[in-house]
Amino acid sequence: MAALGERVSTSEGAGGTNTGGLVSDGTGPGGPSSGGPSSGGPVPDGTVPDGTGPGGPSLGARALVGPPEIVTTKDGLASLIDRLEGSPEYALDTEFHRERTYWPRLALVQLAWRSKPEGQQHVALVDPLAVDPEPLSQVLARPSVMVAHAATQDLEVLAHACGVLPSHLFDTQIAAGFLGYGSASLTSLTERFLRVRLTKGDRLTDWSRRPLTPSQISYAASDVTHLLGLAHEISAQLVARGRLSWAEEECATLLARPQNPVDPHEAWWKLRDNRHLQGVSRGIAQEVAAWREEKARTLDIQPRMVLADLALLSIAHSPPATVPALRETRGIDARHLRGNAEEEIMAAVAKGKALPPGSLRLAQTQPMSKELRPAVTLATAWVAQLSRDEEVDAALLATRTDVVDFLSGKPAARLGEGWRAGLVGAPLRRLANGEASLALDGHGRLLLEDRLRGQHRSVS
Ligand SMILES: [Zn+2]
């Protein structure tokens, strides 16, 4: 087995979407997955998490070395950052709360890495309530790979707390999607790949309380303890199936995606029933929602604490002409109207009413043309079959929106680019062009077959 954390130099500097060398030799325990994995079937009865898979000791088994280090000082953080220098990869997870605040309130940053040369694993918990975590930006900016599980929110939190995103990302949930595991939990993947059963933590635990309880500490540590081992096992199987580059591409796409928060002028898209707004109401909804979003950011409170959705929609539907009329609007709470809020809302209403047509921001969801519907139905059925045949999570292959975008010829449609182009886009194009047809194989399985011109005649 390749040395852990060994960099594969060929994937370095190639530009594009490499994750910086998180590559195994493809001989991990279990080998290429076969026989239709389900997302997280339990470890068979009697299996103890001893970490001895068929291919030798599992990486997860020797992962935890003593209790995690807890970093609460500037010097401690600086030392941690020094020790992480030169690690080709590190695992990272965050715990945060966002019930009342606009910005996520970071409560813990967990890191795991392996020291060189002996490969011993270390786990550290950085306490952002005790020390500003911003210097971790130095770690993120290095050309090493951050391994995380379902990293979308972690990225958002890191961007806010540290001001940067990791230079490379390996998301174990995305990567496992290319082995047929759809939106798999970390627990199910460590069971499947490492035969390690993670202790279930209390999902509703308060991460902002101090001191953290021993069970909080061990739960937080376990979120990163097995990530590097898991990433290596998944990578090995992806290499064996020639799919590592697909996963890398998908992780790079996640990293390149614009982080929340949204443009305030698009905040109204999140309103329930926004599609029922017509005419000038849409402009008003856009401007008042933008005002609300910006106010919420400034005050670091939830937008609905600035102005309830009901009040916002009422204002958009029947815009008040005067401040007294505003005060009578449904859903308006006197607490919403403190400070200059009344004047600001009235100004937003006026701006929304006078919005030039080109300034209205509409979500990109045009209704699908009727002629496209049969093609979309067939294509969607085939994508589901392809997902089973290839053992790739269907949501990764193509969403319904992807199919519609591609078939309606939208420029830069996802199915026409990257790894999807050959696997999904090209066959769909043939289907849409009449060069291929869909048939059933007699056992309920859909087949996409070449359609020889002239051989098949329309019955009607
Ligand atoms: Zn966690």
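Values quoted throughout were computed directly from the atomic coordinates according to the rules given, and no laboratory measurement underlies them. The structure displayed is predicted, hence computed values, not measured ones. Every residue, glycine as well, gets a Cβ built from its backbone with ideal geometry; the counts of neighbours run over all protein chains shown.
Computed from the C-beta positions of K200 and A363, the FRET efficiency with R₀ = 30 Å rounds to 0.20.
Cross-link check: pairs K116/K200; K353/K410; K351/K410; K270/K410; K74/K200 evaluated at a Cα-Cα cut-off of 27 Å; pairs beyond the cut-off: K116/K200; K353/K410; K351/K410; K74/K200.
Amide H contacts for G182 (H built 1.01 Å from N in the peptide plane; partners 5 or more residues away or on another chain; cut-off under 5 Å): S39. Label separation (A78 vs Q120): 2.4 nm, computed from points 7 Å beyond Cα along the C-beta direction. Taken one residue at a time, the phi angles of the stretch 179-188 give Karplus couplings (6.51, -1.76, 1.60, θ = phi - 60°) of 10, x, 9, x, 6, 6, 6, 4, 4, 5 Hz. Gly and Pro are set to x. Give the shape of the stretch 370-450 as rounded, prolate or oblate, defined through the alpha-carbon gyration tensor: a ≥ b ≥ c are the square roots of its eigenvalues, a/c under 1.5 means rounded, and otherwise the shape is prolate if a/b is larger than b/c and oblate if not. Cα axes put the stretch 370-450 in the oblate bin. The L452 and A150 beta-carbon pair, evaluated with R₀ = 56 Å, returns a calculated FRET efficiency of approximately 0.80.
Going by the alpha-carbon gyration tensor, a ≥ b ≥ c the square roots of its eigenvalues, is the stretch 264-359 rounded (a/c under 1.5) or, if a/c is not under 1.5, prolate (a/b greater than b/c) versus oblate? It comes out rounded by the Cα gyration axes.
Based on C-alpha pairs under 8 angstrom that are at least 6 apart in sequence, the stretch 370-450 has a relative contact order of 25 percent.
Under the simplified labelling scheme, the V323-S218 pair shows an inter-label distance of 6.1 nm, with each label point 7 Å from Cα along Cα→Cβ. Here the contact order of the stretch 264-359, divided by its residue count and restricted to Cα pairs under 8 Å and six or more residues apart, works out to 34 percent. Separation of the stretch 273-299 from the stretch 256-272 is 11 Å, based on Cα centroids.
Could you please state, rounded to a whole Å, how far the C-alpha centre of the stretch 183-218 is from the C-alpha centre of the stretch 135-174? The two parts, judged by their Cα centres, are 20 Å apart. Fully extending the segment from E69 to L438 would add 127.1 nm, taking 0.36 nm per residue of separation and subtracting the current Cα-Cα distance. Computed 3J(HN,Hα) for the stretch 258-272, one whole-Hz value per residue from the Karplus formula 6.51 cos²θ - 1.76 cosθ + 1.60 where θ = phi - 60°, is x, 7, 4, x, 6, 4, x, 6, 10, 4, 5, 5, 7, 5, 5, glycine and proline marked x.
As a calculated quantity, the FRET efficiency between E99 and R338 at R0 = 25 Å, using C-beta atoms, amounts to about 0.70. Each residue of the stretch 391-397 is assigned a 3J(HN,Hα), and the resulting list reads 6, 10, 3, 4, 5, 6, 4 Hz, derived from the Karplus form 6.51 cos²θ - 1.76 cosθ + 1.60 (θ = phi - 60°), x at Gly and Pro.
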